[in-house]
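Worksheet for the structure shown next.
The values are calculated or read from the model by the stated rules, or taken from the named source; none is laboratory data. Please read these numbers as outputs of a predicted model, since none were measured by experiment. So basically every Cβ, Gly included, is an ideal-geometry build from the backbone, and we count neighbours across all protein chains shown. The area values use the complete protein model at the heavy-atom level, side chains included, leaving out ligands, DNA and RNA. Shrake-Rupley method; radii C 1.70, N 1.55, O 1.52, S 1.80 Å.
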Amino acid sequence: GITPETIVDILEDLGPTFVKIGQIASQQAEYIPPEYCDALVKLRSEVAPMEIEAVHSQIEKYLGKPTSELFASFDEHALGSASIGQVHKAVLFDGTVVAVKVRRPGVVDTVTRDFALIEKILDRFFKDGIGGMDIKGFILELEKTSKIELDFTNEANNLERFGENNAGREGIVVPKCYRELTCEAVLTEDFVTGNAAGDTAFIESLD
C-alpha cells in the first residue's frame, strides 16, 4: 500500500546508507515491480542536495583554502546529488573546466552507525535470512564497498589506473584527476559530457 514515491521519500529521510540500498534496489527489475524501480532511480543522482554553505565548508575544511582561492569560478547549482556526495561544475584559474565531487559532512559516522544498527536488527530478527536470501552477507558486502566509496582517494586511484590501462585506445576518454584538489572528501577531475549508461535509447542507436 506504499507508493513508489513514498518509499523514495522514506529512504531519503533515513539517510545515506538507506539511499544506497535504494540505489541497488532500483536495478533489481526481476524482483521489484517496474514502477518502484523507476522511482528508485531518482536516488542515484537526484537526492536532495546539500546546502551550498556546507559544500564550501567541506572544501575549505579538507583542502585548506576557501573555494574562491581554489577555483576561478564555482557553480553553486549541483549537477547531481546522491547518498555520499554531490557534484558541481567549476573552472580552474587556467580556464580548465572541472567536475568537483564533495562528500556530505558527517556521512562517514552516519554510515558506520547505520550498518551497526542494521546488523543488530538482522541478528535479532532475521538470523536465517529473508525469503531464503542471505541478507546479512549482502549487508556486510555493502558495508565493505561503502567504506571504500567514502574515501574519494580510492576513486581517484581507480580513475588513474583506468587511464593507464586504456591509454591510446580509440573511443575511450578518461578525465584527468587533479591531485592537488583531491583528498578523501573532495574529488576534482576534468568535466566530460556524455550520455548516461541508463539512456537505453542512445545505447540502442549504437552499432
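With r defined as the distance between the Cβ atoms of Ile10 and Lys65 and R0 fixed at 41 Å, what FRET efficiency is calculated, to the nearest 0.05? Numbers along the way, then the final one.
Numbers: r = 39 Å, r/R0 = 0.94.
E(calc), rounded to 0.05, equals 0.60.
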To test your reading of the geometry: what angle, between 0 and 90 degrees and rounded to tens, separates the Cα axis of helix 16-25 from the longest principal axis of the chain? 70
Averaged per residue, the 1.4 Å probe accessible area of the stretch 1-64, protein heavy atoms only, in Å², is roughly 58
Projected onto the charge dipole of the stretch 39-81 (+1 at Lys/Arg Cβ, -1 at Asp/Glu Cβ, origin at the Cα centre), which of Ala54, Ser68, Gly80 gives the Cα projection farthest towards the positive end? Gly80
Using a probe of 1.4 angstrom, how much of the accessible area of the stretch 51-207 is carbon and sulfur, in percent? 52
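Give me the extension gain from Ile2 to Ala54: residue separation times 0.36 nm, minus the current Cα-Cα distance, reported in nm with one decimal. Intermediate results must be reported in sequence, preceding the final value.
Details: separation 52, 0.36 × 52 = 18.72 nm, distance 3.27 nm.
Difference between extended and current length: 15.5 nm.
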Check: the chain dipole with +1 on Lys, Arg Cβ and -1 on Asp, Glu Cβ, in debye: 560
If each of Glu155 and Phe125 carries a label point 7 Å out from its Cα toward its Cβ, how far apart are those two points in nm? 3.3
The chain: angle of helix 52-63 to the longest principal axis, Cα-based, in degrees nearest 10: 70
Under unit Cβ charges (Lys, Arg +1; Asp, Glu -1), what dipole magnitude, rounded to 20 debye, does the stretch 1-120 have relative to its Cα centre? 420
